[in-house]
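The values are calculated or read from the model by the stated rules, or taken from the named source; none is laboratory data. What you see is a predicted model, and the numbers here were worked out from it, not measured in a lab. All Cβ positions, even for glycine, are placed from backbone atoms using ideal geometry, and neighbour counts span all protein chains on display.
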Amino acid sequence: MSPTLAARAAILTKLDAGSSASGGAIRAESFPRDYVRHGSLDADARVAKMIERLREYDAEVAECAPENLAFEIAAQLGRSGRKTFVAPAGVPREWLAAGFDWKIDGDLDTEEIEHCDGVLTACFCGVADSGTIVLHHSAAEGRRVISLLPDWHLCVLRASQIVETLPEYFDRCPEIPALVTWISGPSATADIEMTRIKGVHGPRFLNVVVVKEQGIGNRD
Amino acid sequence: MSHAPQPILDPALAPPFPQAALPMLRDPQLRKNVAHATDVIQAKRARLVAEKPDWQALRASASRIRDEALEHLAAYLEQFEARCMERGGVVHWAADAAEARAIILGILREENASEVIKIKTMTSAEIRLNPYLQAAGVKVFETDLAEIILQLGELEPSHIVVPALHVNRSQVREIFARSMGLSDLSDDPQALTAAARHYLRRKFLEIPTAISGANFLIAETGAVAVVESEGNGRMCLTLPRTLITLAGIEKVLPRYSDLEVMLQLLARSATGERMNPYTSLWTGVTPGDGPQRFHVVLLDNGRSAIRAREKERQTLRCIRCGACMNACPVYRQTGGHAYGSVYPGPIGAILTPQLSGMQHAQSLPFASSLCGVCYEVCPVKINIPEILIDLRAQVTNQERGKAARFLDPMYLGMRVANVLFSRSWLFHAAQWMGRIGLGVFTRKDGWIHSLPSIAAKWTQTRDLRGLPQQTFHSWWKQRKQGSR
């Protein structure tokens, strides 16, 4: 028996000795989950809260109607003063504004991605309670590396993708994803005297375009 | 920079807490740094906890989820192992620190790795992985900002979430300027952070092997989750060819959806943020995305023994948020180094003696005022004071067995007290004598400032109020007579 297998057997024996379970079968225990599952805000207030919380953690937020999305993306790219952008193969073609250099990721080399000035992706969900964007790294959200190396991340979030509470995100998962990244603001540290510094190794700038579709979020 | 000798964070070698705390208490800069950092985190945490009306319900559910995982730990670990391997991961088991170190070095040898990048992991500090790898010729690069400060400054961690909180900006400037060759570096945190980014960028892109810890292992899917702020974690989890994750066996959660509770509690408790900037979750190996070789090392190192003890088992609920140390009136005075372990503060005071065997760290269960604030702030409701008292009893029982204790004045005093307190007439007589005896030492202000012999241990650090002229008993008797 290899050392790690011997350790495995020894550890599992010790754990079984102190367990009330029999035969290793797991029966899920039921216990109260009295925390807030479903939010109480209406759609407009939910979107407003998402935007407020994103801004509180130093993300830049723009809002637009669905028909203006391509225009808004182009405006954001232009205002960033950057030239070369990477985007995953699954984003709609009309997002790839003319006048910029686009690298479409499938299996781009790490160095090629490192030399991009920014990245454009979709996302799976937004959680208003904490201003969190959730990526499942689907074809329109891209591989993990493309939303990591470029210094500037532009993320498109549809109002219908915004939930109020974290449990509501879990309710929305059609199946359990294999890869997930929860992003709350640009990268940050408070390791030196608890002073919050924006931008360490991940993107130093997070820009979010909130698409107010089906009239959601247009109250004001 | 203070030139105090390096603290010893090995429970087998560290001096007892009261002795180890002395140099810390005499270092005003260190105390100022610790007080500032813990004040800032506590204020942020309190504000964010207050905005969650369901905070107590989240705590209750979190403690039940952790208990469920610990109750069926063997089954959940086997489930995690099976799922992780189905997805291309390799799972190793290590009974102790030495086995875990050997497994990790073995993988690095197979990979021909002479360098490795590393995400902050307290578990690796627990098994003293870095010195072991360095001695074996593997160059280790820590990538968390606080860990870089400690590694380049050759300092020891003093907190589990903010390990360099005892170091201030000018000390960081000095360390970075010296080791990165940047003589004109300013002490602005922004500039210091930028220096760290520059120092690490090429290493992230070029070193093909990484080591991480784990915040959570998901039994249901075989996934691993890492919670961080800077993006150094994402770099290490995404760019290398090979990833090795070291995780204590207690880190398992039964289900993916259990994160809906844990992620709401962890960042708020740890850093006073609604959510930390980045949380990554991955399942085995994903073709085309991230490391294509993935190893998990499951470490016991004393955890299964803690689990076997009924009252102490809750120690393993811990999700390493550090809220107990930020709130602890003892930690806030001494900082982390006095605890002689990589796990300081209240959680360290119960975890260290149990992990390292009760023959070590015997002073730690006494390094507490039992005020209970650690229990109050704990997101998974570990009743730390209850465990401290239980560990104190274990230490005392061990000591009681030793023959030499029969002549110990403390032991004799306790025996005498036992006799006095169990007979009321003796107790009243003792009170009467005590009033006369202590009266000699009581000053005009009603306080006793110093006592002789063994009692001096009390008065050397605090005053004692003189006994009142009347006991409660006699006052009650008098009052009853008066009202009749």
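For the reader, a short list of remarks on this structure follows.
- Among the candidates B:LEU73, B:LEU58, the residue that is under 23 Å from A:GLY39 (Cα atoms), surrounded by 22 or more Cβ atoms within 10 Å (Cβ to Cβ) and facing chain A (nearest Cβ under 9 Å) is uniquely B:LEU58.
- Residues in the range A:79-97 that are over 22 Å from the mean Cα position of the chain (by Cα) and free of Cβ contacts under 8 Å to residues at least 12 places away in the same chain: A:ARG79, A:GLY81.
- Annotation: of all residues in the range B:329-351 being surrounded by fewer than 24 Cβ atoms within 10 Å (Cβ to Cβ) and not in a loop (DSSP other than H, G, I, E, B), the one that is nearest to the chain's Cα centre (by Cα) is B:ARG332.
- Here the range B:194-216 is the region considered, the condition is being without any contact (Cβ under 8 Å) to a residue 12 or more places away in the chain and at the interface with another protein chain (Cβ under 9 Å from one of its Cβ atoms), and the residue that is nearest to B:GLU110 (Cα to Cα) is B:ARG201.
- The residues of the range B:145-165 that are facing chain A (nearest Cβ under 8 Å) and of a type in the set (Val, Ile, Thr), listed by number, are B:ILE149, B:VAL162.
- Checking each residue in the range A:98-114 for being more than 22 Å from A:GLY202 (Cβ to Cβ) and either touching an Asp or Glu at 6+ places or on another chain (Cβ under 6 Å) or at the interface with chain B (Cβ under 10 Å from one of its Cβ atoms) (or both) picks out only A:GLY106.
- Scanning the range B:310-328 for residues that are assigned to a loop (DSSP other than H, G, I, E, B) and touching a Lys or Arg at 6+ places or on another chain (Cβ under 9 Å) returns B:CYS318, B:ILE319, B:CYS321.
- The range A:1-29, subset assigned to a helix (DSSP H, G or I) and among the hydroxyl-bearing types (Ser, Thr, Tyr), residue modelled with the lowest pLDDT: A:THR4
- One residue stands out in the range A:145-181 among those that are hydrophobic (A, V, I, L, M, F, W, C) and facing chain B (nearest Cβ under 7 Å): the one that is nearest to A:ASP58 (Cα to Cα), namely A:LEU148.
- Residues that are among the charged types (D, E, K, R), more than 16 Å from the chain's Cα centre (by Cα) and not in a helix (DSSP H, G or I) within the range B:352-397 are absent altogether.
- Under the condition of being closer than 28 Å to A:GLN76 by Cα and not in a helix (DSSP H, G or I), the residues counted in the range A:30-63 number 7.
- Scanning the range B:261-300 for residues that are crowded, with 21+ Cβ neighbours inside 10 Å and among the polar types (S, T, N, Q) yields B:GLN264, B:SER269, B:THR271, B:ASN276, B:THR279, B:SER280, B:THR283.
- Restricting the range B:290-309 to residues that are part of a loop (DSSP other than H, G, I, E, B) and more than 21 Å from the chain's Cα centre (by Cα) leaves a set whose member that is nearest to the other protein chains (Cβ to nearest Cβ) is B:GLY290.
- Test: B:ARG26 is more than 17 Å from B:TYR339 (Cα to Cα), over 18 Å from the mean Cα position of the chain (by Cα) and of a type in the set (Lys, Arg): no
- Residues considered: B:ALA57, B:ALA12. Of these, the only one that is within 20 Å of the chain's Cα centre (by Cα) and of a type in the set (Gly, Ala, Ser) is B:ALA12.
- Scanning the range A:171-198 for residues that are among the basic types (Lys, Arg) and either assigned to a loop (DSSP other than H, G, I, E, B) or more than 16 Å from B:GLU260 (Cα to Cα) (or both) returns A:ARG196, A:LYS198.
- Strands (runs of 3 or more DSSP E) (entirely within the range B:133-246) containing at least 1 residues that are surrounded by fewer than 21 Cβ atoms within 10 Å (Cβ to Cβ): B:139-142
- Residue in the range A:199-217 that is in contact with a Lys or Arg (Cβ under 7 Å, 6 or more places away or on another chain), outside any strand (DSSP E or B), facing chain B (nearest Cβ under 7 Å) and modelled with pLDDT of 95 or more present: no
- Verdict on B:ALA20 being part of a helix (DSSP H, G or I), surrounded by 15 or more Cβ atoms within 10 Å (Cβ to Cβ) and in contact with a helix residue (DSSP H, G or I) (Cβ under 9 Å, 6 or more places away or on another chain): yes
- Summed over the range B:28-83, the residues that are of a type in the set (D, E, K, R) and farther than 16 Å from B:ARG268 by Cβ give a count of 11.
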